1. Give the residue from LEU173, THR137, GLY116 lying farthest towards the positive end of the charge dipole for the range 97-178; charges sit on Cβ (+1 for Lys and Arg, -1 for Asp and Glu) and the dipole is referred to the Cα centre.
2. In terms of the Cα gyration tensor, with a ≥ b ≥ c the square roots of its eigenvalues, is the chain rounded because a/c is under 1.5, prolate because a/b exceeds b/c, or oblate?
3. Take the chain, mark every one of the GluC sites (Glu not before Pro) that falls in a DSSP loop and has at most 12 other Cβ within 10 Å, then report the longest stretch left between them, sites excluded.
4. Got a sec? Charge dipole of the chain, +1 on Cβ for Lys and Arg, -1 for Asp and Glu; which of ILE163, ILE226, ALA27 is way out at the positive end?
5. Which whole-Hz ³J(HN,Hα) couplings does the range 288-301 yield from phi under the Karplus relation 6.51 cos²θ - 1.76 cosθ + 1.60, θ = phi - 60°, glycine and proline marked x?
6. Below 8 Å, C-alpha to C-alpha, sequence gap of six or more: please give me the relative contact order for the range 119-253 in percent.
7. Can you tell me the accessible area per residue over the chain, all protein chains present, probe 1.4 angstrom, in square angstrom?
8. For the chain, which cysteines have no disulfide-compatible partner, meaning no other cysteine Cβ under 4.7 Å?
Amino acid sequence: MHADIVVMPGDGIGPEVTAAAVDVLRAVAIRYGHSFRFEEKLIGGAAIDAAGNALPDDTVAAAQRADAVLLGAVGGPKWSDPKASVRPEQGLLAIRKALGLYANLRPVKPHAVALGASPIKPHLLQGVDLVVVRELTGGIYFGQKQRTADRASDLCEYSVAEIKRVVRHACRLALQRSGRLTSVDKANVLETSRLWREVTTQVVHDEFPDVTLEHQLVDSMAMHLIAKPREYDVIVTENMFGDILTDEASMLAGSLGLLPSASLGEGSVGLYEPIHGSAPDIAGRGVANPYAAILSAAMLLRHSLGLDAEAACVERAVHGALEAGFLTADLALGKPAVGTQAATAAVIEQLQLPCQVPELRD
Ligand code: IPM
Ligand code: MG
């Protein structure tokens, strides 16, 4: 097939890890007979420097025309002045909103090789395989913000329609997996959470009777995620809770550098990005872990291009590279580590091996 992919490298290690993911996608195209065209566009701090705006119009226009978007990371100390009127993160929030990407899938499946890198006891991690579905275009991130000399406020708002569409997405995913869904809120305190809980209960009752629904308060979820992560499968939650819980969940996988994400809306265009940030402290040194970006490219193949088998083969190739000992510094625990390019080359080499995929998930 042919696909047009817009690449937004962004800031910090973003350019290094997206270059790695593009190399892998080029290898997929050759190996499986596809043609992918890549077009680079500015976002974040890089766009502020070049155009004075974290999300230039032509970046949005290119993304709207594309089949999928691959993004690195945005932000860094250079643009972190609290008084600055433009911030790199605005670009990321605005592209999510502009493309209507309300469902953010963040799968967490610790790889055996990475278990040692997790601060959590390995026996708790065996068999963990969960996906957080984070609502991405509503809630406190997008509500009205106000600031006076001695007060500030951020409004958290959700409509029934916004809750319904993301919960439906999570239910469909749950049905492809174990059928279990955990909805996370703070219904003992927040009105938006009470609405969230009501609507979720209703959607499951009316439309997905085969889904087993459980509600969790976000504070106890934060605890259970560490104490008994194996018990969870699909977790659906609002924007900010999802942001926080997925950084926590990344520790189950050993490193933030291993977690990919897919941001999806109604159409097939999606935005794919590692959940890690721009890591300015290691940027430009060739040592960043490219696996999360490569796994994000695998999600792109699956969710935007419908190339399920190719996606699974990329995932398998990443596992193969990890198993063969290609560990970046975040995973090597002080032992000699490989750099971004060596890790990427290892994945591309693994991709050349025969790959059969009986079981496709997430
Ligand atoms: C994420 C990030 C972003 C978010 C930031 C960079 C705006 O933390 O994708 O999880 O909060 O959504
Ligand atoms: Mg985050």
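1. LEU173
2. rounded
3. Answer from the scan: 1-265.
4. Farthest along the dipole direction, towards plus: ILE226.
5. Taking θ as phi minus 60°, the curve returns 5, 6, x, 5, 5, 5, 5, 5, 5, 4, 5, 5, 4, 4 Hz for the range 288-301.
6. Averaging sequence separation for qualifying contacts and normalising by length gives 39 percent for the range 119-253.
7. Counting only protein heavy atoms, the per-residue value for the chain is 43 Å².
8. So far as the 4.7 Å Cβ criterion goes, CYS156, CYS171 stand without a partner in the chain.
The values are calculated or read from the model by the stated rules, or taken from the named source; none is laboratory data. Given the structure is predicted, the values throughout are model-derived calculations rather than measurements. Counting neighbours? That spans all protein chains shown, and the Cβs are built from the backbone with ideal geometry, glycine included. Keep in mind that these areas ignore ligands, DNA and RNA; they rest on the heavy atoms of the full protein, side chains included. Shrake-Rupley method; radii C 1.70, N 1.55, O 1.52, S 1.80 Å.
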